[in-house]
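Before any comments, here is the structure.
Quick note: the coordinates plus some simple rules give every number you see, no bench work behind them. This is a predicted model, so every value here is computed, not measured.
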């Protein structure tokens with residue numbers, strides 16, 4: 001199986017370094033962080049250029065647009081897993097992120113134990129969506 005390529009969307013370089021280390025350690029090399037981006041247009045641009053399999057989005061409810069970026073990413077990519085990371089274990093925030101297009105949400109308090117499994121699952125969901133889209137395209141081809 002090929003490696004799962006991960007993009008981290010966060011304004012904090014410290015958070016990017018920590019998440020990269022956790023991904024490397026937890027996944028046993030199955031996943032690798034290939035880049036990072038700040039919020040907004042930079043996240044969209046980096047996702048388009050890097051074509052990751054999974055995107056981790058740090059969601060801060062105090063910052064306008066964090067949930068919107070998930071919706072915009074989902075609109076661009078059916079074949080990418082999206083995981084919302086939140087500082088709080090907030091059910092409403094998690095539900096809002098899922099409605100916006102996130103496959104999974106992980107509270108930052110659980111990142112060190114739950115992130116690799118969430119990445120694997122988001123990657124599987126993304127591959128399934130892509131197969132369904134490909135099948136639909138074949139069925140509707142002239």
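Things to note:
- Against the chain, whose longest principal axis comes from its Cα atoms, helix 41-50 is set at around 60 degrees.
- Between helix 111-139 and the chain there is an angle of about 20 degrees, using the helix long axis and the longest principal axis of the Cα atoms.
- Residue with peak Gaussian network fluctuation, the chain [Cα springs, cutoff 10 Å], from 126, 87, 116: 87
- Taking the chain and dividing mean pair separation by its residue count, relative contact order in percent (alpha carbons under 8 Å, at least six apart): 23 percent
- On Cα atoms only, tilt of 13-27 relative to the major axis of the chain in degrees: 60 degrees
- Of (i) 8.7; (ii) 8.2; (iii) 9.8, the label for mean projected area of the Cα convex hull in nm² derived from the coordinates: (i)
- Put simply, the Cα atoms of segment 58-137 extend 40, 28, 15 Å along their principal axes, the longest span coming first.
- Over segment 1-51, relative contact order from alpha-carbon pairs under 8 Å, at least 6 apart, %: 44 percent
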